Structures are given as C-alpha cells and as structure tokens.
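What follows is a short report on a single structure.
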Amino acid sequence: MSRVAYVNGTYRPHSQAVVHIEDRGFQFADGVYEVWSVFDGKLADYAGHMERLGRSLTELRIEIPMTAQALGVVLRETIRRNKVRDGIVYLQITRGTAPRDHAFPKGVAPSVIVTAKSIDLHKGEKNAEKGVAGITHPDIRWGRCDIKTVGLLPNALAKQAAREKGAYEAILFDEMGMVTEGSSTNAWIVDENGKLRTRDTQANILRGITRAAIMKLVKEEGIELDERPFSVEEAKKAKELFVTAASSFVMPIVSLDGEKIGDGKPGPIATRLRSVYVEQAIRDAI
Ligand code: PMP
C-alpha cells in the first residue's frame, strides 16, 4: 500500500514528501515533534501529547501554525489515508524555511509534517513477554531535554550503541552515575527493597506522557512510587528494570550490560503495569 504524508497543508505520496533544504529543522534541528500510538485508528493519550506539544512550542517560541483542533483533524486524516489500524503517528513542527541565519527569522510560517505507519502489536507483545536487553551509555545531551526537539543525535548515537550490542535500549546516565532516562524512553526500577522508582522531572529528562499515565495507574493499583534518582549500580541490583514510551508502552529490561536483572525474566510489576496501561490506552484512545 502506498503511504501518504502531510506536508504544509497538502497530502503527498510518501516518496515525494519533502521540505526545503533551508528548513530550520534540517539546518539547526530547530523544531519539535510528538508521537502518538494508534489503536484501532484512534490516538492514545491524545490530550497529554497535545499539551506537551504546546509546551515545547511555547518554550521555543514557535507560533503554533494552526489550532490544536485542526492539528487533530490532520493527524486523524493521515492515519485514515494510510489505513493504519494499529501503529504510530508522528508530527514534526519546525520554525520553517528561511535563509540560513542562527537567529530566528521574521514572518516565516512553521513547517508541519505528519506521517503514520502501521506496527505489528504482536511483535512488541512477544518482546515484552520475554523481556529485552539494555546497555548503559553516558548522557551527552543538552540542558533542555524537557523540550521534545528533533535534535536527537545523542539519542541516535546511544540507540546505535545499543543495537550494535544486540540490545533494545540504551539507559543513559549522568556525570554522577545516576540514570536519567532511556534514549527514547523513561526508565524505572523496582529496587532491592521492592520500591518502584523513576527519576523526578526536575531532572533534565523528557516528561514522558506514558510515564505520567503509568504514575496515575500506579496510584490506582496502590503501588508506592518514589520519584527519586537511582544509579546504574542500583539498576543492576534491582528486582525489575523497565522503560516506558508511547511506542513501546511498558517494556521489561531483563539484562543490563550483559548482567541479569532480577531472575532474568520480566517482573510482576512491569507485567501488570503493561497490561493495565495497554488496556486503558485502548479504551481511552480517541
Ligand atoms: N524519553 C525520551 C528521550 C523519548 O524520546 C521518549 C519518547 N519520545 C520518552 C522519554 C517517552 O515519552 P512518551 O512516553 O511521551 O512517549
């Protein structure tokens, strides 16, 4: 089936969907993005991702080019035109195209790009049942990781390092040896004492929408959560280690740098949270 992308007001065949060479997304990584998972053609955690998009745009002073409602129409139309039932929809908004100059251009319309693709939910489910491998990697990103920018080179380098070692995710750590997050996920442990922990959002991390949804579920499930940094060492000694993201939901990591986590199998908390998260995300998708 031929894929279709939305680019600045028009739907084009994916192979012909282009932005200008002087788009600031390309020249300066001057843009933001969002990712929604799609269940049965509907968007999961719709409002949360929309709100974070608004915040990212505000932080970078990129004027939202259309209303959130109009954006929602485009997201859904792109999903429909690509006949995506279960999958992912991506939205990129850059400051737009202008002659190259570091400072912001005046009177330039932002670029808006939407793409959608189908994914095989069973493959993710199989990964989650067995658990996946992780590696640790230094966090070399800039100081505003709370803004979801398209400047993902350090994340790409970390993910590549993981792939080269046959691992699913790179768990990033700061100069103190404390885990920040994954290269494209938030990181959690059930520590040696059985306490669920994830890094607080005062730290230089992305405020994951899946992280926020899981935090709500954790409360409903009566599980105590400690939003407190943990070290690589603590992660390696943890009973459970898992990561969360819109594209992978809750994914148990069963080895880190080749060292077994817990008994080397997905733990009960990650397994439970994955199943209740997915159930709720499907139910609440709009
Ligand atoms: N951290 C980083 C660095 C990410 O790229 C992502 C996914 N985009 C996440 C965390 C998870 O965020 P979300 O749950 O909103 O997908």
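With 0.36 nm allotted per residue and the present C-alpha distance subtracted, the Val35-Gln160 stretch has 43.0 nm of extension available.
Angle of helix 121-130 to the longest C-alpha principal axis of the chain, folded into 0 to 90 degrees and rounded to 10: 20°.
Averaged over its residues, the chain has an accessible area of 50 Å² per residue, based on protein heavy atoms and a 1.4 Å probe. Within a straight-line Cα-Cα reach of under 18 Å, Lys42 can be paired with the following lysines, leaving aside sequence neighbours fewer than 8 residues apart in one chain: Lys83, Lys117. In the chain, Cα pairs under 8 Å separated by at least six residues give a relative contact order of 19 percent.
Taking Cα atoms only, the orientation of helix 153-164 departs from the longest principal axis of the chain by about 50 degrees.
Full extension of the chain between Thr67 and Leu152 yields a length gain of 28.0 nm, computed as 0.36 nm times the residue separation minus the alpha carbon distance. Separation of region 105-150 from region 220-286 is 18 Å, based on Cα centroids. Remark: spin-label model distance Met215-Glu51 equals 1.0 nm, labels positioned 7 Å along the Cα→Cβ axis. The charge dipole of the chain, taken about its Cα centre with unit charges on the Cβ atoms of Lys, Arg (+1), Asp and Glu (-1) only, comes to about 920 debye. Spin-label pair Ser2-Lys130: with each label point 7 Å from Cα along the Cα-Cβ axis, the two points sit 3.7 nm from one another. Here the alpha carbons of the chain define both size measures, Rg and Dmax, at 19.1, 58 Å.
Descending by average beta-carbon neighbour count within 10 Å, the peptides 22-32, 270-280, 234-244 line up as 234-244, 22-32, 270-280, the highest first.
Between Asp263 and Ile140, the FRET efficiency estimated from the beta carbon spacing at R0 = 41 angstrom works out to 0.80.
Counting only helical runs of four or more DSSP H residues, what would the 222 nm mean residue ellipticity of the chain come to if each run contributes -39,500 (n - 2.57) and the total is spread over all its residues?
Helices in the chain give a 222 nm mean residue ellipticity of -9500 deg cm²/dmol.
Relative to the first principal axis of the alpha-carbon coordinates of the chain, what is the inclination of helix 46-60, with its axis defined by its Cα atoms, in degrees from 0 to 90 and to the nearest 10? With both axes taken from Cα atoms, the answer is about 70 degrees.
Full extension of the segment from Leu225 to Thr10, taken as 0.36 nm per residue of separation minus the current Cα-Cα distance, would add 72.9 nm. By the compact-protein rule of thumb, 2.2 N^0.38 Å, the alpha-carbon radius of gyration of region 167-248 corresponds to a ratio of 1.00.
Computed from the C-beta positions of Gln280 and His20 and an R0 of 41 Å, the FRET efficiency is 0.50 to the nearest 0.05. Listed peptides 172-184, 76-88 appear in the order 172-184, 76-88 once ranked by packing, highest mean of other Cβ atoms within 10 Å at the front. Name the residues of region 44-86 whose amide N is less than 16 Å from a point 7 angstrom out from the Cα of Thr201 along the C-beta direction? Residues 45-59 qualify, since their backbone N sits under 16 Å from the label point. Within the listed set Gly166, Gly96, Gly151, the Gaussian network model of the chain (springs between alpha-carbon atoms below 10 Å) gives the highest mean-square fluctuation for Gly166.
Projecting the Cα atoms of Ala270, Met215, Leu71 onto the charge dipole of the chain, computed from C-beta unit charges around the Cα centre, puts Leu71 farthest toward the positive end.
With +1 on each Lys and Arg Cβ and -1 on each Asp and Glu Cβ, and nothing else charged, work out how big the dipole of region 1-147 is about its Cα centre, in Debye to the nearest 20. Intermediate values should be presented prior to the final figure.
Details: 21 positive and 17 negative charges, 75 e Å.
Roughly 360 debye, rounded to the nearest 20.
Each Lys and Arg contributes +1 and each Asp and Glu -1, all at the Cβ; summed about the Cα centre of region 124-284, the dipole is approximately 380 debye. Counting only Cα atoms, region 124-284 measures 35, 32, 29 Å along its principal axes, largest extent leading.
The values are calculated or read from the model by the stated rules, or taken from the named source; none is laboratory data. The structure displayed is predicted, hence computed values, not measured ones. Reconstructed Cβ throughout: ideal geometry from the backbone, glycine too, with neighbour counts over all protein chains shown. What goes into the accessible areas is simple: the full protein's heavy atoms, side chains included, and nothing from ligands, DNA or RNA. Shrake-Rupley method; radii C 1.70, N 1.55, O 1.52, S 1.80 Å.
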